[in-house]
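Notes for the one structure printed next.
What follows is calculated from the coordinates using simple rules that are stated; it is not laboratory data. Here the structure is a predicted model, which is why all the values come from computation and not from measurement. Cβ sites come from the backbone with ideal geometry, for glycine too, and all protein chains shown count toward neighbours.
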Amino acid sequence: MNTAGTIVDLLRAGRSAVVITFVGEKGGLICPGQKMILGKEQILFSDFSEADSARIKKAFNAAAVSEQNFLFEAVLVKDEKRQFYAHFYTLPPRLIILGGGNVGGALCRIAALLDFEIILVDDRTSFASKTLHPHAHRLICDSFEKAIDQLILSGNDYIVIVTRGHRYDRLCMEKTLECETAYIGMIGSRRRVRAQLQDMANRGYRSDQLARVHTPIGLSIGAVTEAEIAVSIMAEIIQVRRSGSGDEAIQKNVLQELVQIEENQGRAVLATLIKTFGSTPRKAGSQMVVYPDGAVVGTIGGGCAEEEAKREALHCLDTGLARKIRLELTADAAADEGMACGGIMEIFLEPVPHCSEEL
């Protein structure tokens, strides 16, 4: 089965997915590298038996608390605990622009250069038109309150409130604060925004809720025109987005590389950082592809640890067997590499493309 191609197809269809890989020692009827792909509460593919698949899925559901990559254990049929790694593949973040005026339009144009699904909302037909906003992936012409309910906001959403009036701004802010979004920004002068926040505090909103609102919106770059204001807003959103997941863009490149390997029937090894202890340059979920000639796409942190992982990956390519390795980046070794880290990295190495028939 072409695992990477399947993941890309799911993402293009607007569906997120989780790839669960067995990363323990060979035992019984299972081998390191066997996989299962989960859609939303559904097994889409599995190398495991039906009974084992159900047990793995149940253990995953019990351990998952957010869309963060993690290790977990599951007890298989007539077997001891086995270790698995769950890697999440999620949809591009949504940029939801509440207001289709000049600033909203400029945001659409700027954001079109970035990896966001752009949704623009306005309650006026003329301001929620494809002619006016050709870069928006989706336009909603409805009351702001109904539109926000329709969107079902989540931690994958970045909200920009740039409506035509204070009343609508306030309504949008109150509605969006009900949800755990990645970002909420509201346009307005310092004086007006301060008055709004103070009134909301007087009405019972907690300080931690109000602190989530980025206002005045955008980074302070002296912006004057609508386009400059849009740049400052998107710069702040990028800052917030990357502070939580700096590896996101790198991982997208790795997935695209894996698709090319599958399509071209190439050979390589996928190295996935599945667990870290102490201070390490990258956290769990970082990946790199190692080709037979030593070329690399992606990174698990660079330096001596990455070089050692590359050597082990080439050995894995020779044997054709997936396995887990543990690298210790001692303080002395880290200092020699000019890094201020000295942690431990657990890395899973597997030949690609994944082939369930061979397993």
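With all pairs of different C-alpha atoms in the average, the Kirkwood value for the hydrodynamic radius of the chain is 22.8 Å.
Rounded to the nearest 500, the helix-only mean residue ellipticity at 222 nm of the chain stands at -11000 deg cm²/dmol, with each DSSP H run of n ≥ 4 adding -39,500 (n - 2.57).
The angle between the Cα long axis of helix 3-12 and the main principal axis of the chain comes to about 10°, on a 0 to 90 degree scale. Relative to the longest principal axis of the Cα atoms of the chain, helix 190-202 runs at roughly 80 degrees. The shape of the stretch 3-89 can be summarised by an equivalent ellipsoid whose semi-axes, obtained from the alpha carbon gyration tensor, come to 22, 13, 11 Å from longest to shortest. Loop-located GluC sites (Glu not before Pro) across the stretch 133-215 with a Cβ neighbour count of 12 or fewer within 10 Å are Glu178, Glu180, with loop assigned by DSSP. Other residues with beta-carbon under 11 Å from the beta-carbon of His133 carry, at +1 per Lys or Arg and -1 per Asp or Glu, a net charge of +2. Axis angle, to the nearest 10 degrees, between helix 102-111 and the longest C-alpha principal axis of the chain: 10 degrees. In loop segments of the stretch 19-91 as defined by DSSP, the trypsin sites (Lys or Arg not before Pro) with at most 16 further C-beta atoms inside 10 Å of their C-beta are Lys26, Lys40, Lys78.
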